[in-house]
Amino acid sequence: MTFQVPDKTLRVGIVVDNPKRDLKGLILVAQKLIDDGYATVFLIPMYYQRTDIQVLNLDVLIINYARKNNKVLIQDYVLMGIKVFVLDTEGGILSTDSTDSPENWAKMFCEDGFPDLISGYFFWGRLTYEAFIEYSGLRQNRLSLTGCPRYDQGHPSWSKILAPKYSNHILINTNFSAVNPLHSSSLEEEKKSFLSVGWPEKYIDQLIQNLLRAQVQLMDDICYVSKMLPCEHFVLRHHPFESNYVYERRFLDHENVFVDGSGDIFDSINGAKCVLHLNCGSSADALISGVPSISLEYLNNRVMSLHTPLPSKISLRAKNRQDVVNLISKIDDLKSSELMEKIYRHYVKDYFYLNDGNASARVCDGLKEILDTIKSDTEELDTPVVAVKRNLMWALREFFHLFSRLAGSRLVAGIRDVLQPSRKAKAFSCVEVQEILSKIEAGKKVVARNFTGGAFDAQFCSIEVCEKQID
């Protein structure tokens, strides 16, 4: 099937999973697409993608992942005539040999039938890119090694879009969303979420038990460290998908420990003395920003370290909680830009690619190259019909989505936010997008506005980004 629409008139949608983590990087992509001459880019909240995409009239959609649990949704988009690309938002910190190791990830992508649905894939680093060349079933000219746009802001060239929150602080980043979930009501629900994307049940059970133990021990040791260093200011930033309740309760009586999970991770890292963590991907964020990390390595074990092996390798490894105190006390003597650059090249580059602030530009270039390939490709994608279980829940969901398309997802979002307040964590506004755009010095003046459309000109959650028209 030839791709009929000229590049300069393309309407591109980008699904935003977690605004705290992803929004700035995806705005950089949107800005670059508009600078390159694309007509309109839509930033689409993940929870309302199905509703909004029905009315956005997209040519291209960049989604945040492709797994078993969203395959039917992806197929719907393809059957609508949309070219679907993947820019995975969780592709950097990978397992050694479990489900999300590069090789197993690529094999599962092929086995689950995604080569027939996905037009192109953008990769964080070389290891996953090469695994997909070998095992995914997608041709190499549909794969693009780009890096992840959200890490562009860690480069000095994009410091203007940062909004630093603290200075001279010690940042504690936790990573226990599997056992302290914000959006799930129980561990059983969280376990089902893991199972839905292909993780083995035995592995999940082992991981959850180890994480429960480690979370309690980490909080105990932070209490000890903060008491031993009363003049230091500690900021605990929990994972965006973690609940803050357990931390606020635990550190209520610790005056120099402040729990704050708001905002972008790079805003929290900026100005920090160091980052404390256990198997947290934010250690890579810190390294990219030139801030050293300390791993509470004595709390680690084989199950957890193999699940996320990279953070320990790029951090100072504390042998016990007193060692954490000692490392913090002499952290200024341990900082070395040359050493951190060496660590990045040796351990991180294969997972995150180049630390040059240009990942967003490479995504745009990669999109154009793959679309050019599709234009000259005479082979039509095979899109087999996937069976959908039609029951009462299916009927209710279909009714809900129909109502959303008619009334607008913004009205529905307001209702659902009252019923499920946790959903607000994945919401973002036109004002937020415009504030970030205003900090970017770009070739064209770009504006953000709320999208209205559909049969009744209703308001939707997606934000339209386009070139400002000069009167």
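A few points about this structure:
- Footprinting exposure proxy ranking of Phe194, Phe451, fewest other C-beta atoms within 10 angstrom first, gives Phe194, Phe451.
- Between the stretch 200-221 and the stretch 225-258, the Cα center-to-center distance that results, in Å: 20 Å
- With a cut-off of 10 Å between beta carbons, the residues surrounding Asn168 carry a summed charge of 0, where Lys and Arg count +1 and Asp and Glu -1.
- Model label points for Lys342 and Asn450, set 7 angstrom from Cα along the Cα-to-Cβ axis, are 5.5 nm apart.
- Val16 sits among other residues whose Cβ lies under 12 Å from its own Cβ, and their net charge, with Lys and Arg +1 and Asp and Glu -1, is +1.
- Cβ-Cβ FRET estimate between Asp36 and His183, R0 fixed at 51 Å, reported to 0.05: 0.90
- In this structure, the amide hydrogen of Phe176, modeled 1.01 Å from its nitrogen in the peptide plane, lies closer than 5 angstrom to those of His239, counting only residues at least 5 positions away or on a different chain.
- Gained length - Glu248 relative to Val431, 0.36 nm times residue gap less alpha-carbon distance: 62.9 nm
- Full extension of the segment from Leu195 to Asp365, taken as 0.36 nm per residue of separation minus the current Cα-Cα distance, would add 57.7 nm.
- From phi via Karplus (6.51, -1.76, 1.60), per-residue ³J(HN,Hα) for the stretch 100-112 in Hz, x at Gly/Pro: 9, 5, x, 5, 5, 4, 5, 5, 5, 4, 6, 4, 7
- When only alpha carbons are used to place a centre, the stretch 346-361 and the stretch 272-287 end up 17 Å from one another.
- Paramagnetic reach from Lys439 in the stretch 265-296 [backbone N under 19 Å; point 7 Å along Cα→Cβ]: 265-273, 285-291
- In this calculation the C-beta distance from Ile331 to Gln217 is compared with R0 = 25 Å, giving a FRET efficiency of 0.65.
- Label-point separation, Lys202 to Glu103 (7 Å along Cα→Cβ), nm: 1.9 nm
- The order of the peptides 152-162, 10-20 by mean Cβ neighbours within 10 Å, most packed first, is 10-20, 152-162.
- Nearest-0.05 FRET efficiency for Gln469 and Leu316, computed from C-beta distance (R0 30 Å): 0.05
Read-outs: derived from the displayed coordinates by stated rules, not from any lab. What you are looking at is a predicted structure, and each value in this text was computed from that prediction instead of being measured. Cβ sites come from the backbone with ideal geometry, for glycine too, and all protein chains shown count toward neighbours.
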